Structures are given as structure tokens and as C-alpha cells.
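One structure is given here, and the rest of the page talks about it.
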Amino acid sequence: MAFDIEMIKNVYSKMAERVDKARKVVGKPLTLSEKILYAHLWDGNPEKAFVRGKDYVDFAPDRIACQDATAQMALLQFMQAGKAKVAVPTTVHCDHLIQAKQGAAPDLKRANETSNEVFDFLASVSNKYGIGFWKPGAGIIHQVVLENYAFPGGMMIGTDSHTVNAGGLGMVAIGVGGADAVDVMAGMPWELKFPKLIGVKLTGSLNGWTSAKDVILKVAGILTVKGGTGAIVEYFGPGAQNLSCTGKGTICNMGAEIGATTSTFGYDDSMERYLRATDRSDIADAANKIREYLTGDDEVYSNPESYFDQVIEIDLDTLRPHLNGPFTPDLATPVGELGKKAKENDWPIKVDWGLIGSCTNSSYEDLTRAASIAKQAVDKKIKSRADFGINPGSEQIRYTAERDGILKIFEDLDATIFTNACGPCIGQWDRSDLKGEEKNTIVHSFNRNFSKRADGNPNTHAFVGSPEMVAAIAISGRLDFDPMHDTLINEDGEEVKLDEPQGIELPPQGFEVEDAGYVEPLEDGSGVTVTVNPKSERLQLLTPFERIGDEIKGAKLLIKAFGKCTTDHISMAGPWLRFRGHLDNISNNCLIGAVNAFGKKTNFVKNQLSGEYEGVPDTARAYKAAGVKSVVVGDHNYGEGSSREHAAMEPRHLGVAAVIVKSFARIHETNLKKQGLLGLTFVNENDYDLIQEDDTFNFLDLNEFAPDKPLTIELVHADGSKDEIKVNHTYNDAQIAWYKAGSALNLIAAENA
């Protein structure tokens, strides 16, 4: 039976009334996205039509999910909110703090030894506040959510950008920072700017080497890493109904890489099959009763141009397999064209690793499709020329795959089966085959491939593909291999060709697991004591931020970031994950990956107080110690990538007062607002070029901070000359109140005092 079934039935009991009312209020047929949004308004039944991309709206999400790296800060903040129990169903999943090195058993043992302090903290906080806890090794948060918690027509938020994976089961699931999650945990509304809508019409059926992953790889190439910003991507059409539920999840998952608020699909037979296969027939039965409300209206899908802000059409019959990369997930190349492109760009042709798994592609179907290629290699006597690493998505999948002989196929190819965890996808990979910064190529079925992300090496060229394509490319050991047309030489010197992959949507014998890894919280956690050692290097209780105030004068430039500056550049993962619960310690990685526009180096900026060049955190701490505020300047889509609020909390902790950029990624902009910072954009993008290395910033009219009113900043250059620039912001009255209080959490704590 499903978790929280009464909550789900309650959502369904109100769905028809609310959607019918919304259709009248809006005055036209509704997309699925609109149905879910209007059915989850904080005030209940819809009373007005909201303007997409403009109106801020309060919502009431059904549930929250947190992974262990972000949960630490989220729960440390929740502990300040003054609540005895979370207001909505919430779970914590321990999947980020397990490093892939030797294999599942030794890696999990080592993680439990090195991170036991953090795991114990998360377990005790979960017990105290009524939060479901998934132990280390239980699985990757988004796969576990899809298997246990996602339900058609629901709304959830999660402290990870790939929360959007649950759209594969027809949810509106959105990645947020921990402070947003705290609002909902504390029983408060969650605010979101009403999204624009992008419709993707899928026709035909996948065939041959093409997979669901190739749909989103193609879409990423069309929309780029910022083309979905502020929008929900809704997939529909006969091609959508021909996809498996986990395939839909893959597509929604990687929607985070185009900046989309979320992605979703309408409820259909594949979702029903998946619900029943994962022991949730009660949800399927309930969903079937309101089936028409769990997908877009017929008129919408028959005439999408009239209802979506943008429409893309993809024919699955003719879609080709892709490998996207390197260094950005939107650089899309059909597999047969990659060799030529690699030679032109001097990308290493030799492939050293093939990595299969991550929250994007670790389902049973994914493993079977990749295994069908691996088995051919074994049977046809083809020795893999690259190393293999496999991360199953959950203990349920791992147990079932082992039972069905799937994992043995990979082991016969000398693959390493890692823990059911994120591993290399988020930089938790102790890679033994390379040292230093050697130029090399890897292929993986993950979602992101930013510089340094997997192994910390800026010269690792990472390419994103489907599990089966990753398997084929890794076996060949060459980036220019096209399994659809090329052959390989086996151990007997024979020329052999790989057959098309074959996958199994759901295990014929059903899913099976001995210990899924779930721990139910106490009904009454009031007696649980949560302790944090004041000398701990891993955990630190939070001190409320002081308000920045209405006057910012004499602020110094900290760094002018050049080019792509993702949350990985602002707050790296990998070895830094161990400090995610200790704000002061993790602030030592603040912006160390950002390229300074002056000198084009990383972690090397001018300290205007001393005249010396130092690391970014050192310079920021020097300014803070001297009582001098600082400013960060950035380029387009600043803060792209993960939902990690550390990328906002660290600059705030180190005395940064404002971040001024050409444009923001959605989650990061919200995180800055929540932490009481100024997130601003140039009215004139060319003003970015006016910023000089020794600049001082004077905010001339911050005392008049108001919605829709640009702010004026005076730039004072080293030679005494001045420039005056205008900056925009998207703060509404409530968000300005966060700023004036010092942070959103300060307001919550004051209200609950």
C-alpha cells in the first residue's frame, strides 16, 4: 500500500471541484500543469486567473523530499522555526555522502564510518519532527520518491533540483532551496511566480538505439540551459503515451538542465502499470476515478499553439541517439556525427570510463537495456576497452536486478557495482585511474557534465547519453564509435556488430526487496534530543543573519565572474559535501570555481584593502572583518544547476550584500532572496563591462526599495571617475520584507516566537 494514502485521497477528493472552478475562472480549457497548480492554491478554490511569468502565487504542496547534503542546512533552519512537527509529509534520503571507490559494500561501510555524525543527526532530527528517514544505501532520492511517494496530480517540492523527476508520474514536482522547504514544513504557503508553459508534442515511437534519454537530450539542444527558465515543460501526444513511466521520469529529471521550473506528463496506462508494479494499486484505483483531471484537456492537446507559450514537436520515429557535451548538457550531437565534431574540437577520442546510473537513469528498465549490450559483449567475446561503473537507483532495484541476473552480466564485463547512491554524478568518486589534470574523456548516463563535476579534473570531457549508448561507447573505448553502423573486433579477431538494445519495462516476477532502508519516525518525537557538538567540523547550529539594511555605501567588488557560473562554481560538491552542515567551514569554497574576469583565473581576486591577490573566501573574510560589505557580479544564467542554497548562504555568511548579474537561474535567485541578499540584474547588460577590478559600489536609493522599481548604483573607479547604472529586481512586498528582516527565516522565527 502507498505511503500517505489518506493525504492522496484528500487531494483527489478536491481535484474535480477545483479544476472545474479554475476552468471557469480562466475561461478556457486547461493544461495538466494548470490543473495541478490551480488545484493546489493556498487559499483553496481558484478565484482569479493568474498571469504567467508575472504573478506571484501562494501554493500548498502535498509533500517534501530532502537529500542528505541539503537536508542538513534545511533541518538546521527548521530547528529555528519553533515548530514541534512538520506540517506536511516529509522525507530525508541519505544518498549524496557515499563516495564511489571500491564497490557497494566497502563504500557504504566507509561512508557510515566517516559520515556517521551527519547520518545520526539527520536520523534524530527526522525522529523528533516526524520525518521519514531513508538510510544510507536505500537509494537515490528521486528514484526512491518515484517508487514510493510520487502520485499523479500531486504537487511536491524538494531540496534538490532534480525533484522534477517525479513529473514522470504526473506530478508538478519542483526543486527549491532549504528555506523554501522550511516554509512548507512550518505550515506556511510556498510562493512561486506562476510559470509559463512550454508544450512538447511527441509523435511516433522510440525504436532501435533511441531511448527516452534522447528526447531530453534533443530538447536541451533546442532550448539550451536557460530556455526553460520560468516555465513548466508539459509533454503530450501519442509519443508520450508510448513511453514507460521511468522513461518519462528520465525526461522530466533532466528538465532541470534547461532551467525549467519542472516538467510533467499526463496520467496514462504506463503510469498505472508502474503504480501497480510498485505496490500502489490503491493510488492507481483512486487516480482512475478522476482520470480526465490528471491530464490536459483534449482541446489543449489538439490545438497546443493556443494554450502554450511555446510548442516543440519531436517525432520519435526519426529521433536519433545523442551524446551531449562536453562541459555543458545542452551541446547536443547525434552519435554518428560526434567523431567529426570531436576531431574538430580536439576532444580526446579514447574513452576511459562508462558510468551508468544516477537519479536520471537507474531504473530497472535502464539497467536491462544497458545489460543487453553488456551481455552481447560477453557473448561475442568483446573485451570492454573502458572501465565500467554502475549505480542502481534503489535497494529495491538492486535486489531485483541481482535476483534476475542483471548485475551479474555487468560483473562478467568487469564492471564495479557501486552503492545505490549518487556517486560520480555529484563528484563523489575516488577515481583511481587518473591523477592531476590529464585530458581525458568519459561517457555517462547522468544529467550534468560541468567542468570538474564528476572527478574534480577540469580536463575531463564528460558526455551525457542513454545507459545503452554509454555501454556501447564504453565497450568500444572510442567516442567516435557509432554502434548503429560500426563494427568491433573481438578476441578471436572477428568483426562483430552490436545488435539493438532490448529492455524490460518492469520486472516480470515483480519487484522484490528484503530491507528497503526506510525508518518510520516516532509518533511523538518530543522526547528526542538533537545534539550538535560545538567543536564539530561537520555540523554547526545556525546563528540568524543580521539585516543588511537600507544603506550600502563603500561596498567592494569581491569577484566579477566571467562566463558560465553554476552552483558548482559557487559552492563545489565532491569533497566539500562533508561540510554541508557547517556553514562557516563550507564557506571556504565560496566562489572558488568561478573564473575572475580580471586575469581569467579561479580563486584569485584582488583584496582592495591590502592590494594583494588572495582567494575569494579569504578576501571576503577580510572585508567582513573590516566591516566592509562586498558585491558579486556575474554573467547570464548565474546560479544554473543544483538547488543548493549553500551557493546563496555562503556569500551571505561572508558579508556579500548584493549579487548583480545579466540574468539568474530561477532557484538561485529565490535562494538569494530567502537569505536576505539583493539579487539584481543589469537594466543594460553592457553595464557589466563597466565594472572594474577596484570598484566601490554605492547604492543611492535603496531606502526606496519597492516592487517594480529599479535601483540606482554609483560605481566609483580607482581613478576617482564614476558611472551610474540601473539594476532591476523581481522582489515583491513579501520578499522585500525578507530582505528587511535579514532573511525569510528570521521572519518565520519572529512569527513563531
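Mind counting the residues in region 210-255 that are of a type outside the set (Lys, Arg) and either open to solvent by 20 Å² or more (accessible area, probe 1.4 Å) or not in a helix (DSSP H, G or I) (or both)? Write out each step before concluding.
If we filter region 210-255 for residues that are of a type outside the set (Lys, Arg), which is where we start, we get 210-212, 214-217, 219-225, 227-247, 249-255.
Checking which are either open to solvent by 20 Å² or more (accessible area, probe 1.4 Å) or not in a helix (DSSP H, G or I) (or both) leaves us with 210-211, 221-222, 224-225, 227-238, 241-244.
Residues that pass the stated criteria total 22.
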Does region 119-131 contain any residue that is farther than 22 Å from Leu522 by Cα and buried (at least 21 other Cβ atoms within 10 Å of the Cβ)? no
With the requirement that a residue be in a loop (DSSP other than H, G, I, E, B) and surrounded by fewer than 24 Cβ atoms within 10 Å (Cβ to Cβ), what does region 149-199 give you? Ala186, Gly187, Met188, Pro189, Phe194
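Please work out if Lys673 is at pLDDT 95 or above, closer than 21 Å to Asn728 by Cβ, of a type outside the set (Val, Ile, Thr) and open to solvent by 10 Å² or more (accessible area, probe 1.4 Å).
Values: at pLDDT 95 or above: yes; closer than 21 Å to Asn728 by Cβ: yes; of a type outside the set (Val, Ile, Thr): yes; open to solvent by 10 Å² or more (accessible area, probe 1.4 Å): no.
Here the answer is no, as Lys673 does not meet what is asked.
Which residue, of Val300, Val311, Val351, is surrounded by 21 or more Cβ atoms within 10 Å (Cβ to Cβ) and either acidic (Asp, Glu) or in a strand (DSSP E or B) (or both)?
Val351
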Within region 690-707, track down each residue that is charged (D, E, K, R) and over 15 Å from Tyr739 (Cβ atoms). Glu693, Asp694, Asp695
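If we scan region 693-709, do we find a residue that is on the phi > 0 side of the Ramachandran plot and either of a type outside the set (Val, Ile, Thr) or at pLDDT below 95 (or both)? Write out each step before concluding.
Taking region 693-709 and keeping what is on the phi > 0 side of the Ramachandran plot, we get 708.
Still in the list and also either of a type outside the set (Val, Ile, Thr) or at pLDDT below 95 (or both): 708.
Scanning region 693-709 turns up at least one residue that is on the phi > 0 side of the Ramachandran plot and either of a type outside the set (Val, Ile, Thr) or at pLDDT below 95 (or both).
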In region 39-69, what count of residues is obtained for those that are open to solvent by less than 10 Å² (accessible area, probe 1.4 Å) and touching an Asp or Glu at 6+ places or on another chain (Cβ under 6 Å)? 1
Test each condition in (1) touching a helix residue (DSSP H, G or I) at 6+ places or on another chain (Cβ under 9 Å); (2) closer than 30 Å to Gly336 by Cβ; (3) not in a loop (DSSP other than H, G, I, E, B) for Arg453 and report the one that comes out false. (3)
Go through region 417-453 residue by residue and tally those that are open to solvent by less than 10 Å² (accessible area, probe 1.4 Å), farther than 19 Å from Lys109 by Cα and small (Gly, Ala, Ser). 1
Which of the residues belonging to region 652-693 are more than 28 Å from Gly720 (Cβ to Cβ), part of a helix (DSSP H, G or I) and either more than 20 Å from the chain's Cα centre (by Cα) or hydroxyl-bearing (Ser, Thr, Tyr) (or both)? Arg652, His653, Thr670
Go through the residues of region 386-401 one by one and say whether even a single one is out of contact with any Lys or Arg (no Cβ under 6 Å at 6 or more places or on another chain), aromatic (Phe, Trp, Tyr), at pLDDT 95 or above and open to solvent by 30 Å² or more (accessible area, probe 1.4 Å). yes
Regarding Ala49, is this residue small (Gly, Ala, Ser), in a strand (DSSP E or B), at pLDDT 95 or above and closer than 30 Å to Phe308 by Cβ? no
If I go through region 477-527 residue by residue, how many of them are part of a strand (DSSP E or B) and β-branched (Val, Ile, Thr)? 3
Filtering region 403-440 for residues that are among the β-branched types (Val, Ile, Thr), closer than 18 Å to Glu365 by Cβ and in a loop (DSSP other than H, G, I, E, B) leaves a count of 0
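Do you know which residues across region 314-327 are outside any loop (DSSP other than H, G, I, E, B) and either out of contact with any Asp or Glu (no Cβ under 6 Å at 6 or more places or on another chain) or surrounded by fewer than 16 Cβ atoms within 10 Å (Cβ to Cβ) (or both)?
In the first step, residues of region 314-327 are kept if they are outside any loop (DSSP other than H, G, I, E, B); the result is 314-315, 322-324.
Listed by number, the residues that qualify are Ile314, Asp315, Leu323, Asn324.
Give region 587-639 a look and list any residue that's assigned to a loop (DSSP other than H, G, I, E, B), charged (D, E, K, R) and touching a residue at least 12 places away in the same chain (Cβ under 8 Å), or say none. Talk me through it step by step, then tell me what you get.
First, pick out the residues of region 587-639 that are assigned to a loop (DSSP other than H, G, I, E, B): 590-594, 597-601, 603-604, 607-612, 615, 626-629, 635-637, 639.
With the extra rule that they be charged (D, E, K, R), the set shrinks to 600-601, 612, 629, 635.
Selection gives Lys600, Lys629, Asp635.
The values are calculated or read from the model by the stated rules, or taken from the named source; none is laboratory data. Computed from a predicted model, the values in this text were never measured in an experiment. Neighbour counts run over all protein chains shown; Cβ positions are idealised from the backbone, glycine included. Only protein heavy atoms, including side chains, enter the accessible area calculation; ligands, DNA and RNA are left aside. Shrake-Rupley method; radii C 1.70, N 1.55, O 1.52, S 1.80 Å.
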